[in-house]
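Engineer: Below is the structure I would like to discuss, written out as C-alpha cells.
Every read-out reported here was derived from the displayed coordinates using simple, explicitly stated rules and does not represent laboratory data. On a predicted model such as this, the values are computed, not experimentally measured, just so you know. A quick note on method: Cβ atoms are made from the backbone with ideal geometry, for glycine too, and the neighbour counts reach across all protein chains shown.
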Ligand code: TNX
C-alpha cells in the first residue's frame, strides 16, 4: 500500500510539473488549479483499460470525434477488406447510440483528417492474429493488425479510450467525444480466454446469451463455452432425436419450463459471436450428467425405460451405458449434427463427476467418444479426470477444474485452466452474496484476480483460462450479471496480460474506473464496496 501511495504521489507531482507551464500559457493563475485537475483526470482515465495492454505510450493532446468523421477500411485483398469493413460497422454501431453520429464507412486508405482508419496492412508479424496497434493523433485514429480479428480487439480497446458515456444506451448530448493521443501496442498472452455458461441447469434465451457474448467480448474474451446438456436439461435441437429437446429440454432446476435452441438459433448465435471474434464451444456432458438424454429415450437405459426428468441439483447419479453400441450410435448422431452447424475446432464431451460409472467403463467410454469427435474433424475437450483415462492422448484438451492434472502434464495434453477455487463464477463473493454456491470457497474479486495460469499448469501446455458460470442457483439475467461481473474482467486480464505486468493494487484502480462503463451498459455487477 505504502509503496503504491508514494508512486502515485510521485506521478502526480510529475504530472503537475508537466502540466503547469502548459496551462499557464493559456490561462490566468486563477484557472490553473482547475485545468490541472481536469488534465490529471484525463491522464489517469487513459490508463483504465482492461485487460491492460502490453504497451501504452501516452502522447499529448487528444483526438475529437465529430459527425464528420468517416471510418476507412482496407485489407490486403478484397475479401479481407470486406471483413475489415464488418469490423468498421461494428465500431460504428458502438459509437452510434451515445454520440448520435451515423459515421460513413469508406473503403480505401485516402484518409482525411478527423477520421478513423482500420487496416490489416503494415502490422508487425509478431502481433499474431489477435494483436493490434492503436495509434491516435490529434487528427486521426489508426488501428493496424495482421488480421481483422486483431482489428476487432483493437476496436474494443478504442471503446475504452472514449469517455464512459460512450457506453450509454441513449443519446448523450454535450459530451466532447475525445480520446487521448496515445500509441498502444498489444497482444494476448494466451489464446484461450473463455466464459462458460451453463444453460442446462437453467435455460437462458438466445438474446440473453447474445447479450453476455457482447458484454464479454469488450474485455477480449474470445471463447464462449456453452454447457448444452446436463441431468436437468438438453438444450440443442438434434434432428434425428427430437425428444432430446421435446422431453429433455422441457424443464430445468426448480421445475420451470426450460427451453432449447433450434439448430437455426444456434447458427444465429454462432454468427453473432463470430462477428465479435468469439468462438462458441458446444458441450454435451457424458457419461454422467446425462439424465436429460436418459429421460428422453428409453433405449439409452439398461431396462429400456425412460428415466424421470430431474429438476434437483444433485450430481453424479446418471450414466450412459458404456458397453452398448446403441449409446455410441446415438452419440455419433449428436456429434455429426453438431459438427455440421458448429465451426468451432472443439467439441466438449464433459467427463466430470461420472460417479455412477465404474472407472474402467469411464476410461473406455471417454476414449470411444473422443474418437468419434476426432472422426468429425474436431478436437475433444473434457473436464478432469478425463486425462487419467489411458484411452485419452495428447490430442485431447483437458479443462482443469480440480487441482488435478498430473496425467495431462505427463501426456503433454494442452490445458485450459478453470480451477474452481479461483475461476468459478458460481462461487459466492462472500457470505452475503444472494446467489451461488461455496463448495470451492468464497471468491472475492481480489481472490479471483490474484493468481496466474502458470500456478496451475506448465506454461508450454497452458492454452489459457476459462471461467464457468454454473447455474443451479442462477435463474435470471440479473443474477447472471451479478456473478459474472466484475470478476470476468479479472479473468480476461489473467488470460490477456502477462503475469509480470499485473498487480492487484493497480488493477483495482482500473477496475474502479470501469464501474461507470458497466453501469452505463446496465450490467448488474456486484458493487463491491472495497473497490467501487
Ligand atoms: C461441479 S465443475 C460440476 C458442475 C456443477 C458445479 C457447481 C464440473 C465439471 N462439474 O456439475 O454445476 O460443480 O459449482
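Engineer: Please state, rounded to one decimal and in Å, the Kirkwood hydrodynamic radius that the chain gives when every pair of distinct Cα atoms enters the mean of 1/r.
Structural biologist: So the Kirkwood estimate lands at 24.6 Å.
Engineer: Based on the Kirkwood radius over alpha-carbon pairs, what is the Stokes-Einstein translational diffusion coefficient of the range 445-484 at 10 °C with 1.306 mPa s viscosity, in µm²/s?
Structural biologist: 129 µm²/s
Engineer: Additional query: Rounded to the nearest 0.05, what FRET efficiency is calculated for residue 519 and residue 57 with R0 set to 22 Å and r the Cβ-Cβ distance?
Structural biologist: That gives a FRET efficiency of 0.15.
Engineer: Next question. Roughly what % of DSSP beta bridges within the chain run antiparallel, to the nearest 5?
Structural biologist: 25 percent
Engineer: Please state the shape class of the range 164-210: rounded when a/c is under 1.5, otherwise prolate if a/b exceeds b/c and oblate if not, all from the C-alpha gyration tensor.
Structural biologist: Judged from the Cα gyration tensor, the range 164-210 comes out oblate (a/c at least 1.5, b/c at or above a/b).
Engineer: Shifting gears a bit: If a/c stays under 1.5 just call it rounded; otherwise compare a/b with b/c (prolate if a/b is bigger, oblate if not). Do that for the range 58-186, with a ≥ b ≥ c from the square roots of the Cα gyration tensor eigenvalues.
Structural biologist: Prolate.
Engineer: Can you give the calculated 222 nm mean residue ellipticity of the chain, where each DSSP H run of n ≥ 4 adds -39,500 (n - 2.57) and the sum is split over every residue, rounded to the nearest 500 deg cm²/dmol? Intermediate results must be reported in sequence, preceding the final value.
Structural biologist: Details: 16 runs with 196 residues, N = 532.
Result for the chain, helices only: -11500 deg cm²/dmol.
Engineer: If you count, for each residue, the other Cβ atoms within 10 Å and average over each peptide, how do 137-147, 222-232, 68-78 line up from highest to lowest?
Structural biologist: 222-232, 137-147, 68-78
Engineer: Of the peptides 354-361, 286-293, how do they stack up when ordered by the mean number of other Cβ atoms within 10 Å, highest first?
Structural biologist: 286-293, 354-361
Engineer: Taking the Cβ of each residue in 439, 451, 401 as the centre, tally the other Cβ atoms inside 10 Å and list the residues starting with the fewest.
Structural biologist: 439, 451, 401
Engineer: Can I ask one more? Set the Förster distance to 30 Å, then compute FRET efficiency between residue 358 and residue 274 from the Cβ-Cβ distance, nearest 0.05.
Structural biologist: Once rounded, the FRET efficiency stands at 0.15.
Engineer: On to the next question. Counting other C-beta atoms within 10 Å, which of 421, 478 has the fewest, and how do the rest follow?
Structural biologist: On the way: 421 16, 478 12.
With the fewest neighbours first, 421, 478 line up as 478, 421.
Engineer: For helix 2-26, what angle does its Cα long axis make with the longest principal axis of the chain, in degrees from 0 to 90 and rounded to 10?
Structural biologist: It works out to around 40 degrees.
Engineer: Between helix 29-45 and the chain, what is the angle of the helix's C-alpha long axis to the longest principal axis, kept within 0 to 90° and rounded to the nearest 10?
Structural biologist: Between the helix axis and the principal axis of the chain, the angle is about 20 degrees.
Engineer: A follow-up question, please. Mind checking the angle between helix 487-496 and the chain's longest principal axis? C-alpha axes, 0 to 90 degrees, to the nearest 10.
Structural biologist: For 487-496 against the chain, the angle is about 80 degrees.
Engineer: Now for a separate question. Find the relative contact order for the chain and round it to a whole percent, using C-alpha pairs within less than 8 Å whose residues are 6+ positions apart.
Structural biologist: Reported relative contact order: 13 percent.
Engineer: Distance in nm between label sites at residue 512 and residue 450, each 7 Å beyond Cα in the beta-carbon direction?
Structural biologist: Simple spin-label model gives 1.7 nm for this pair.
Engineer: Can you classify the range 445-511 as rounded, prolate or oblate using the Cα gyration tensor, where a ≥ b ≥ c are the square roots of its eigenvalues, rounded means a/c under 1.5, and otherwise it's prolate if a/b beats b/c and oblate if not?
Structural biologist: Cα axes put the range 445-511 in the oblate bin.
Engineer: What length, rounded to one decimal in nm, is gained on full extension from residue 79 through to residue 439, with 0.36 nm per residue of separation minus their alpha-carbon distance? It would help to have the intermediate numbers written out before the result.
Structural biologist: Numbers: separation 360, 0.36 × 360 = 129.60 nm, distance 4.99 nm.
Result for the pair: 124.6 nm of gain on full extension.
Engineer: Sticking with this structure for a sec: Sorted from fewest to most neighbouring beta carbons within 10 Å, what does the list 239, 168 look like?
Structural biologist: The most exposed by this proxy come first: 239, 168.
Engineer: Additional query: Under the 0.36 nm per residue contour assumption, what length would be gained going from the current alpha-carbon distance of residue 501 and residue 432 to full extension? Write out the running numbers ahead of the final one.
Structural biologist: On the way: separation 69, 0.36 × 69 = 24.84 nm, distance 3.23 nm.
Extending this stretch completely gives an extra 21.6 nm.
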